[in-house]
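The values are calculated or read from the model by the stated rules, or taken from the named source; none is laboratory data. Every value quoted in this text rests on a predicted model; they were computed, and no experiment measured them. For neighbour counting, all protein chains shown are included, and Cβ atoms are generated from backbone atoms with ideal geometry for every residue, glycine included. Quick note on the areas: whole protein, heavy atoms, side chains included, nothing else; ligands and nucleic acids left out. Shrake-Rupley method; radii C 1.70, N 1.55, O 1.52, S 1.80 Å.
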Amino acid sequence: MKFSHDSAHTHVCGKSEFIDDRPITHGELHVEVFYSTEAHAKISKLNFDAALKVPGVMGIFTAKDFHHNIWGTIFQDQPLLAEKEVNFVGETIALIAAESREAAKDARALIQITYEKLPAYLSVDAAKAAKSFIAGVRKIERGDVEKAYITAPHRLEGKIVIRGQDHFYLESQATVVYPKEDGQLEVHVSAQHPTEVQHVVTHGLGLNSKDVTVIVKRMGGGFGGKESQAAPFAAYAALVAQKFNRSARIVLTKDDDMIMTGKRNPFENIYRVGFDHDGRILSLEVDFFSDGGAYADLSTSIMERAMLHADNAYYIPNVKVTGQVCRTHYHPHTAFRGFGGPKGVATIEKIIEEIAHALGKDALDIRKLNCYTDQGGRDVTHYSQKVENNCLPRLFDQLEKSSDYRSRRTQLEKQNKDAEKTRLLHGLSLTAVKFGISFTTRFLNQANAMVIIHKDGSLQVSTGATEMGQGVNARIAQMVASELGLSRDDVRMMPTTTDKNANTSPTAASSGTDLNGAAALIATRKIKARLSQLAIALFDLPEARWARHTAGLGTEAEIHVSELPPQNYDSNLDADWKSGIATYHDVVFEGGQVFRTKHPNHKISFASLVHEAYHHRISLSDYAHYLIPGLSFNKLTGRGNAFLYFTQGVAASEVSIDLDTGEVKVLRADILMDLGRPVNQPLDIGQVSGAFVQGMGWVTTEKLHYRNGALLSHAPSTYKIPSIQDTPRIFNIELLENDQNFANVRGTKAVGEPPLLLGISVWTAIHDALKQRTEYKNKFPSVFPKLEIPATQEEILRALYPEKFSRWDGHA
């Protein structure tokens, strides 16, 4: 079986085609954006005279040139082009169309604009004070939180500040649009949501969806940053293409991309918790406040997921979680790998660290004590969903042993006694993740797929999934190939296009394989059932009478087959659980051959069977629609099954801190993930390692610096994603054996987002190290390490030596 990424060979050879690799066509125009340099202001004057005189400049467009200038994924509240007022630095005001990129950039520099500055809300606190909010307060509640808190033997309260994170995809926002006959447009875009792009383009230009085809071959990274925010840039290129009837291209520079596009939502969460002498949590109340930026984008859904993950891996009998999105004057924040999950998980994991410190216990013991378990009814979430296939206790126990946690803890404490001499402080932490898999908006949990088998036995498969490097195409191809007993080389995954797979959901929420793989398998099985019936008839018919020899003369009657009843919800229907393969009429597809179980030596090649099917006018293509069943979450009551299942995992991270510089090194990370039965284990391990390192970057080095609402760290020189030198010195990844996830296609579990949340173990390990300092030992709750996310070197030095920073904090 082939396990490599489907584009690995073209990536290595430099032959993979991304948007800006597409050849420039004759007459193609380049589109440049002119954007605001103010966070909040009225536009009092805008002059294009000098810009229009630049040779090669064909035109400049403003809000009035769009048929409809407002767009939005959940709420339509954001202008495609700002007209009278700007609400964040980077908000697009005008588009320059020119015959070269150089001319477009020169023109941009000559546009004259005058602003009348307005008050800007540049913090969550400022937005709260002004009551500047997006939508209302959300609440999820269980039990009597107040009573349980008051009567708890121990109580604590606090606040966690979580900053944003840039997606830092390698390919910036990019689109090329080709005008076709009769007013049609063909849009090639780097986007996770082709249907969203189609809708925004058609809405903005006053077209119907039938006139716009959106194609996504691949992305050079996405991480959520191209789920919604690719759409307006596509609309910009489409407007120019429509105006001039010439192809148009927009490709942002890395600097412009980072300045203009939203990030992971910053959060500031206020909590209070009651617990007993053992550390069992009795009451938890958390108020989530997020920075949504200037417009809604996806922030309300992100908040919802944060609230749904406030429990993480732990049963809490009395819970009250509220969530409020704040409207500020930053770029509208958006989806990011993990969505809101990391903010909820980071909050409860910090709380557990504080409980352990208060009681003088190991945080791992507190985690195991509060872990979801099948015993005593402690297996229902605060939103009333039962935690099925709960592997958390086994994950904790297995990693505790395999990572040698206890003996390393003892050794670490010995090392820290000499920290003043070695100038190194060590910390160790083992955290968990329980990540819900499905979109929390029910109607998004659907997909469709088209499978075509050609006369030579090779296949083309089209789905709504978009490939951004995560390997979704390789997984789906592998599923389809194994179902038909073929090599993966026999299957070609086609570019995602809205004229083959319409009304699709974004490739997000870790559901790309779940949804689209299930649809592809159902379509494949429809064809397989027909081919199986045909094979039975051919086995009983002398080859001389087969259609390849007789169809031209019409001497033999056609073989007719019946159709499978349509079904769109159970991807495991008809399949053997052990193999995941469906068998019809006792016919087996294996190794490119087709045979009956009882007569394995009587075979027909798959290619021959397909050839016969064509001559018998039996359909060799099919379409299937799949929906995730059993979802019942009510957003108003905060109750119901929000997810199909949970991906679970644990990670133990050990760090060292340089007492002189605050530098953190991740010495070792051990990860144990429950991914059910992986479709492609090497790809899944790659996803685990990549997600963990990205999460590690979020909690340590990836600090976004702003001044007056303008992003200053908009290049790799100032924004520090992890490098190879930052990865754990020892990095162990194992997958838990779990054959009991009956909910999902082939028993697999999603991997895209959950491992990122295990990067939080690095952040809690930093806390663990800091707690070894004299300043913090035995001084809870008056003294506890105060660390934001990310815990940069400066943050760590502040926690190590708070008195030395007091002069800059206005306390000296």
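A few points about this structure:
- Net charge of the neighbourhood of Ile437, taken over other residues with C-beta under 13 Å away and scored Lys/Arg +1, Asp/Glu -1, is -1.
- For the range 673-711 and the range 82-102, distance of Cα centres in Å: 32
- Based on Cα contacts under 8 Å between residues 6+ apart, the chain shows a relative contact order of 14 percent.
- Nearest-0.05 FRET efficiency for Ser579 and Asp456, computed from C-beta distance (R0 30 Å): 0.70
- Eligible lysines near Lys578 by straight Cα distance, threshold 23 Å, same-chain separation 8 or greater: Lys2, Lys526, Lys528, Lys598, Lys749
- Within straight-line cross-link reach of Lys117, aspartates and glutamates at Cα separation under 17 Å, skipping those fewer than 8 residues along the same chain: Glu38, Glu83, Glu85, Glu91
- C-alpha center-to-center spacing [the range 291-317, the range 441-497] in angstrom: 32
- In this calculation the C-beta distance from Lys42 to Ala109 is compared with R0 = 22 Å, giving a FRET efficiency of 0.45.
- Three-way shape call for the range 644-714 based on the alpha-carbon gyration tensor, with the a/c threshold at 1.5: oblate
- CD proxy at 222 nm, helix term only [per DSSP H run n ≥ 4: -39500 (n - 2.57); per residue of the chain; nearest 500]: -8000 deg cm²/dmol
- Label-point separation in nm, Glu590 to Asp182, each point 7 Å along Cα→Cβ: 5.1
- Ligands, DNA and RNA are left out, and with a 1.4 angstrom probe the accessible area of the chain is 38 Å² per residue.
- Interchain or long-range residues, amide H under 5 Å from Gly464's placed H: Asn448
- Solvent-accessible area, 1.4 Å probe, carbon plus sulfur percent, for the range 1-154: 54
- Simple spin-label estimate for Glu420 and Gln681 in nanometres, 7 Å along Cα-Cβ: 5.0
- Each residue of the range 398-404 is assigned a 3J(HN,Hα), and the resulting list reads 5, 6, 4, 6, 5, 8, 6 Hz, derived from the Karplus form 6.51 cos²θ - 1.76 cosθ + 1.60 (θ = phi - 60°), x at Gly and Pro.
- The translational diffusion coefficient of the range 90-174, from Stokes-Einstein at 10 °C and 1.306 mPa s with a Kirkwood hydrodynamic radius over alpha carbon pairs, comes to 80 µm²/s.
- The range 468-547, accessible surface, carbon-and-sulfur percent (1.4 angstrom probe): 46
- Calculated from backbone phi, Karplus (6.51, -1.76, 1.60) coupling profile of the range 356-363 in Hz, x at Gly/Pro: 4, 5, 5, 9, x, 10, 6, 4
- Residues in the range 685-710 reached by a label modelled at Ser123 [backbone nitrogen below 17 Å; 7 Å Cα→Cβ]: 704-710
- Cα gyration tensor shape of the range 541-605, rounded if a/c is under 1.5, else prolate or oblate by comparing a/b with b/c: oblate
- Paramagnetic label reach from Asp499 (point 7 Å along Cα→Cβ; backbone nitrogen cut-off under 14 Å): within the range 185-205, residues 185-188.
- Pairwise centroid distance, computed over Cα atoms, of the range 401-415 with the range 149-228, Å: 44
- Pairs exceeding a 32 Å alpha-carbon distance, out of Lys635/Lys665; Lys105/Lys703; Lys243/Lys500; Lys147/Lys361: Lys635/Lys665.
- When peptides 302-314, 731-743, 32-44, 213-225 are sorted by average Cβ neighbour count within 10 Å, with the highest value leading, the order is 302-314, 213-225, 32-44, 731-743.
- Relative protection proxy for 582-590, 562-570, 145-153, from highest mean packing down: 582-590, 145-153, 562-570 (other beta-carbon atoms within 10 angstrom).
- Projected label distance in nm at Lys64 and Ala50, using a 7 Å step from Cα toward the beta-carbon: 2.3
- Sulfur and carbon atoms: percent of accessible area, the range 165-271 [1.4 Å]: 48
- Computed FRET value (nearest 0.05) for Gln411 with Glu99, which takes r as the C-beta separation and R₀ as 60 Å: 0.35
- Remark on the range 247-353: Rg and Dmax equal 17.0, 69 Å (Cα only).
- The range 336-467: C-alpha pair distances exceeding 25 Å, %: 51
- Using only alpha carbons, the chain has a radius of gyration to Kirkwood radius ratio (Rg to Rh) of 1.00.
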